[in-house]
Amino acid sequence: MEIKKKIFNYIFTVVFSVMGLFISFNPIYADTYYVATWGDDNNPGTLVEPWETIAKANTVLQAGDTVIIREGTYNDRIEPINSGTPGNYITYMAYPEEIPVIDRSVLITGWNEYTDSIYWADYTGYTIPLWEDTFEEAGFYCGLWPVFSLSDLDEPG
C-alpha cells in the first residue's frame, strides 16, 4: 500500500509539473516584416509586398517581431506603439548590404512675403512665419527665427 501511494505521488508530481510548464510557457510567435520605399502600406509587409513606411511598421509590430528596412530615404520615426518584452524585443534592422536612411528634415516651400524681410509658409497644418535677415549684396539669408503666429512677429534681438 505504501509503495502504491509513493508511485501515485510521484506520477502526480511529474504530471502536474509537466502541465505547469505547458501552462506557464507562453510562446511568442514572432513575425518578420519588410519596408521599402516602393512598397504600399496596404501590402502585407512581406519581402515581395513590403510596406512603404516605417510608420506602418510602428503600428503593427508586437513583442519579438522584426522589421527589415530596404535601402532608401524615409521621413519616419522609429516609435512602435507596442512594447517588446525581455528576450522578445521589437527589432528594426537594415536589409543585408543595404543602407536605409531615416531623414526627418523637411524642405519647406511656398514662402510668402509678409512685409519687408519677413516671410511665412504653411507646413503640415501649421503656419511658420520667419524673420529673415538678408544680405542682398551676397544673395543669401543670414538667419531664421520661428514664431508661432503672424501677430508674434517682432524684430529679433
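Nothing in this text is a laboratory measurement; each read-out follows from the coordinates by a stated rule. What you are looking at is a predicted structure, and each value in this text was computed from that prediction instead of being measured. In this analysis, Cβ positions are derived from the backbone assuming ideal geometry, glycine residues included, and neighbour counts consider all displayed protein chains.
If you go through segment 61-87 and keep only what is surrounded by fewer than 17 Cβ atoms within 10 Å (Cβ to Cβ) and of a type in the set (Val, Ile, Thr), you end up with 66, 73, 78, 81, 85. Working only within segment 31-56, note down all residues that are within 23 Å of residue 84 (Cα to Cα) and more than 15 Å from the chain's Cα centre (by Cα). Correct list: 31, 32, 44, 46, 47, 50.
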